[in-house]
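Following: one structure in structure tokens, then a few remarks.
The values are calculated or read from the model by the stated rules, or taken from the named source; none is laboratory data. Treat the numbers as computed from the prediction; the structure is a model and nothing was measured. Methodologically, a virtual Cβ is constructed for each residue, glycine included, from the backbone with ideal geometry; neighbour enumeration extends over all protein chains shown.
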Amino acid sequence: MDSFFIAADMALRTLFAKPRASAPCATLPEGPTDLDDADKRRAAGLMRVNHVGEVCAQALYTAQALATPNTQLREHFTKACVEETDHLAWTAERLQELGSRPSVLTPLWYAGAFGLGLLAGKLGDPISLGFVVETEHQVGAHLKSHLDALPAGDHASRAIVAQMYDDEMRHAQNAQAAGAAELPMPVKQMMRAAAKVMTTVAERV
């Protein structure tokens, strides 16, 4: 019951409260950011996708922590969820700086990711951890592509994305070390297809 209330509290905080980072972005911008309107719109679309990804990360880790009977693994997921809160706060703040907003479909993204995390958790800890590894690898690929796609002068967004990439790869490595199972290729392909839909829609809506 305590886990249920923690999950509910996390959902409410993610969806309706202003996220607060525990630390500033560790990768400092290379210089001042000065963008024209077109560059701001481009950067905002990409950072909106990244913000949605962090909303989904909150949902996934919260659901997986709720599903596992393993106390140690629950703490692992909870710690990762807290670390992802920094990313959520950084992307939300950057969207505001760019004069934009998060996706209007945020509650839908959260609900879908929570359902996937709960399903993965119910399939057993190795599968749940394998889901983390594959998710983080896919997120890492998106983040690397965003470093190529962001306006060259948007040092602030680039700093955030670079730090997020390092953190996501560390989360994947931690999950692998904790005993992750390799997911079947059809599952990986379905995850990539779902991520493609999410990123395409979230960039615009």
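A few notes on this one:
- Screening Thr91 against (1) surrounded by 15 or more Cβ atoms within 10 Å (Cβ to Cβ); (2) touching a Leu at 6+ places or on another chain (Cβ under 7 Å) leaves a single unmet condition, (2).
- Take the conditions (1) among the charged types (D, E, K, R); (2) surrounded by 21 or more Cβ atoms within 10 Å (Cβ to Cβ); (3) at pLDDT below 90; Glu136 misses just one of them, which is (3).
- Which listed residue is farther than 23 Å from Ala21 by Cα, part of a helix (DSSP H, G or I) and among the hydrophobic types (A, V, I, L, M, F, W, C), from Leu60, Leu116: Leu116
- Checked against (1) buried (at least 20 other Cβ atoms within 10 Å of the Cβ); (2) in a helix (DSSP H, G or I), Ala193 passes all but condition (1).
- Counted residues, the stretch 168-190 - those being within 20 Å of Gln58 (Cα to Cα) and not in a helix (DSSP H, G or I): 2
- Exactly one residue among Arg94, Arg101 is out of contact with any His (no Cβ under 7 Å at 6 or more places or on another chain) and part of a loop (DSSP other than H, G, I, E, B), and that residue is Arg101.
- Residue that is nearest to the chain's Cα centre (by Cα) [pool: residues in the stretch 151-167 that are surrounded by fewer than 20 Cβ atoms within 10 Å (Cβ to Cβ) and assigned to a loop (DSSP other than H, G, I, E, B)]: Pro151
- Qualifying residue in the stretch 14-26 (condition: touching a Pro at 6+ places or on another chain (Cβ under 7 Å), modelled with pLDDT under 90, surrounded by fewer than 23 Cβ atoms within 10 Å (Cβ to Cβ) and among the aliphatic types (A, V, I, L, M)): yes
- Hits in the stretch 44-79 (condition: of a type in the set (A, V, I, L, M, F, W, C), crowded, with 24+ Cβ neighbours inside 10 Å and under 17 Å from Pro126 (Cα atoms)): Leu60, Ala63, Ala65, Phe77
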